[in-house]
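Engineer: Quick one: the structure is below, questions incoming.
The values are calculated or read from the model by the stated rules, or taken from the named source; none is laboratory data. Bear in mind that the values here come from a model prediction, so they are computed numbers and not experimental data. Cβ placement follows ideal geometry from the backbone for every residue including glycine, while neighbour counts extend to all protein chains displayed. In case anyone asks, the SASA skips ligands and DNA or RNA and just uses the protein heavy atoms, side chains included. Shrake-Rupley method; radii C 1.70, N 1.55, O 1.52, S 1.80 Å.
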Amino acid sequence: MSNRRKPNTGFCFTPLVRICTLFVCTERMENYKKSKVVEHPCPLPFSNLPSDIIEMKVKEGSKIRNLMGYAIGKMEPDAVKQIIFSGSGKGVSKTITCVEIMKRRIKGLHQITKLLFKQVEEIWEPIVPEAGLDTLTVKRNVPAICVLLSKDALDVNEPGYQAPGCFDTLWIQALKEESQFQKKRRQSGRGGPSRRTGYESSKSEVTKKLKNGAKLPGADVSKQRKSAGTDASKLPMIEHLDQK
């Protein structure tokens, strides 16, 4: 029996398995096509809502002009007091846009905003049914938003409440928190003045010393006086900087 040691190839085994697994998964998904997307309805996160409340479901491909034309037409009469805008996934930003337009068109609206997750199922079917592949169901949780707008007063203690006329409350709060964080960083010594600020302050100090007749080491006095923008005959000759 030979006593020769076999070469250690264990370091190549795990990456090779991962690459092969990734290749197999990619190869298998190329044999599928998305046939259907099912969005499971979630209950509205608001209480004491009227049964006939209007809910504007904003999608990614919805036209804002069509949505707002219908919503404003419903909210302008005094009979309708509340309306809900909801959207998920890529439709969240468009939902917020519709809410802001509504608040500017109809004054005095109280607002409550709720953030949640919505479950979506994607059905993937094999491109070639004869290949013997099974149908796949992929479940995903996508972010969603629900905004309640009301002409009547709402509970001010409810999380997400926004009073009428407060368009930038959330942004102002975020800016305050960011400024406080930056202030704490500077106090802890991890932050400091920007490069531009330090450059300008050092430049102003050098210019001031040159105007007072100071001479920088290794520099020409005439060039210093010329850069200072003053008459050379009026500047006293000082050979060294004041060591203070």
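Engineer: Would you please name the residue that is farthest from G73 (Cα to Cα), looking only at residues in the range 94-105 that are touching a residue at least 40 places away in the same chain (Cβ under 8 Å) and among the hydrophobic types (A, V, I, L, M, F, W, C)?
Structural biologist: Ranking the qualifying residues of the range 94-105, first place goes to I96.
Engineer: Of S150, S86, which residue is within 30 Å of S35 (Cα to Cα) and touching a residue at least 40 places away in the same chain (Cβ under 8 Å)?
Structural biologist: Result: S86 is the single residue among S150, S86 that is within 30 Å of S35 (Cα to Cα) and touching a residue at least 40 places away in the same chain (Cβ under 8 Å).
Engineer: Follow-up. Mind telling me which of the residues L149, L109 ends up being surrounded by 16 or more Cβ atoms within 10 Å (Cβ to Cβ) and under 24 Å from P41 (Cβ atoms)?
Structural biologist: L149
Engineer: Now for a different question. Go over the candidates V24, V17, V37 one by one and state the one that is modelled with pLDDT under 90, open to solvent by less than 70 Å² (accessible area, probe 1.4 Å) and out of contact with any Ser or Thr (no Cβ under 6 Å at 6 or more places or on another chain).
Structural biologist: Residue meeting the stated conditions: V17.
Engineer: Moving on to the next point. Could you list all residues from the range 106-165 that are in a loop (DSSP other than H, G, I, E, B) and either within 15 Å of S88 (Cα to Cα) or basic (K, R) (or both)?
Structural biologist: Answer for the range 106-165, where residues must be in a loop (DSSP other than H, G, I, E, B) and either within 15 Å of S88 (Cα to Cα) or basic (K, R) (or both): K107, K151.
Engineer: Still on this structure, please answer the following. Would you point out the residue of the range 75-91, among those that are β-branched (V, I, T) and in contact with a Lys or Arg (Cβ under 8 Å, 6 or more places away or on another chain), that is most open to solvent (accessible area, probe 1.4 Å)?
Structural biologist: V80
Engineer: Which number in (1) in a loop (DSSP other than H, G, I, E, B); (2) in contact with a helix residue (DSSP H, G or I) (Cβ under 7 Å, 6 or more places away or on another chain) marks the one condition that K94 misses?
Structural biologist: If we test K94 against (1) in a loop (DSSP other than H, G, I, E, B); (2) in contact with a helix residue (DSSP H, G or I) (Cβ under 7 Å, 6 or more places away or on another chain), just (1) comes out false.
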